[in-house]
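Structure, as structure tokens:
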Amino acid sequence: NMALLFMDGFDHYVTADFTMKWNGGIVNTPTVSAGNGRVYGAAMECNAANEYVIWTSATEIQEIVVGFAHRYSTNPSTDQYFLSLRSAKGSSEFAAVGWSFTNQKYILRVNGATAGLSTAKTLGEWYYIELKLAVDQVAGSAIMKIDEVTEVSVTNTDTQPNSTNDHYVDMIYLGEFTGSGSGTSRFDDVYILDNSGSAPNNTFLGDVVIET
């Protein structure tokens, strides 16, 4: 019994069809890049600031896990964020994953503040990133894994930016949504799930290849 909500391997459609899967729409011009997938097939490519796709949920999710493969081929000139777990109702961000251009490390941002950095990574390499978030003002938590190794973990913390409106995740950005300094990013093998299923399928799935 898996609580899988969404997956995408970017192999079975072209750029013009993004909105058939990413139901929240696209911003500017991310592309489906044929032949550049992590294992085979295609990947999503972003080459400029503010290029991303949006997924929205019909239900409100208090505990969510997102996994995706990511590769930078060129380093951005500023810190860049590319996964954002958000509330559409309150227009706020709970947590985000980004890249520190000076350290060449992945960043976990929680409730607007840096929660920690990963170990140093290498440009041109694929990494499989997973973020698990539990939304709560007191007992919230966020865990970032890279290639199935926990790199940053915060527990018993406030992950709820607005006590009135932002109780649940119902929107996700994937791509390069910081306003400047974009490098060349590719994304593949995306999954999204909540905790409504049974163990072990309601938590980190590990490095997966999505065949689409």
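The values are calculated or read from the model by the stated rules, or taken from the named source; none is laboratory data. Everything numeric here is computed off the predicted structure, so don't read it as measured data. FYI the Cβ positions are ideal-geometry reconstructions off the backbone, even for glycines, and counts take in every protein chain you see. Calculation scope for accessible area: heavy atoms of the full protein, side chains included, ligands and nucleic acids excluded. Shrake-Rupley method; radii C 1.70, N 1.55, O 1.52, S 1.80 Å.
Data for the structure
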quantity: Under 27 Å from the Cα of LYS21 - lysines, other chains or at least 8 residues apart; calculated: LYS89, LYS132, LYS145
quantity: GLU93, GLU148, reordered so the largest accessible area comes first (probe 1.4 Å); calculated: GLU148, GLU93
quantity: Debye equation applied to the C-alpha atoms of segment 46-101, log10 I(q)/I(0) at 0.30 Å⁻¹; calculated: -1.54
quantity: With every protein chain in place, segment 1-56: carbon and sulfur % of accessible area (1.4 Å); calculated: 54
quantity: Tail weight of P(r) past 11 Å, computed on alpha-carbon pairs of segment 128-174, percent; calculated: 68
quantity: For THR119, net neighbour charge (Lys/Arg +1, Asp/Glu -1) across residues whose Cβ lies under 9 Å away; calculated: +1
quantity: Radius 13 Å from Cβ of PHE101, net charge of other residues (Lys, Arg +1; Asp, Glu -1); calculated: 0
quantity: Cα-Cα P(r), the chain, percent of pairs per 5 Å interval; calculated: 1, 8, 16, 21, 22, 18, 10, 3, 0, 0
quantity: Centre separation in Å (Cα based) which lies between segment 104-131 and segment 141-201; calculated: 11
quantity: Where labels lie 7 Å past Cα in the beta-carbon direction, separation of VAL149 and VAL208 in nm; calculated: 2.3
quantity: Solvent exposure of segment 41-199 as accessible area per residue, Å², 1.4 Å probe; calculated: 35
quantity: Whole-number percent relative contact order across the chain, with pairs defined as alpha carbons under 8 Å at least 6 apart; calculated: 32
quantity: FRET E, pair THR59, PHE101, Förster distance 30 Å, beta-carbon r, rounded to 0.05; calculated: 0.25
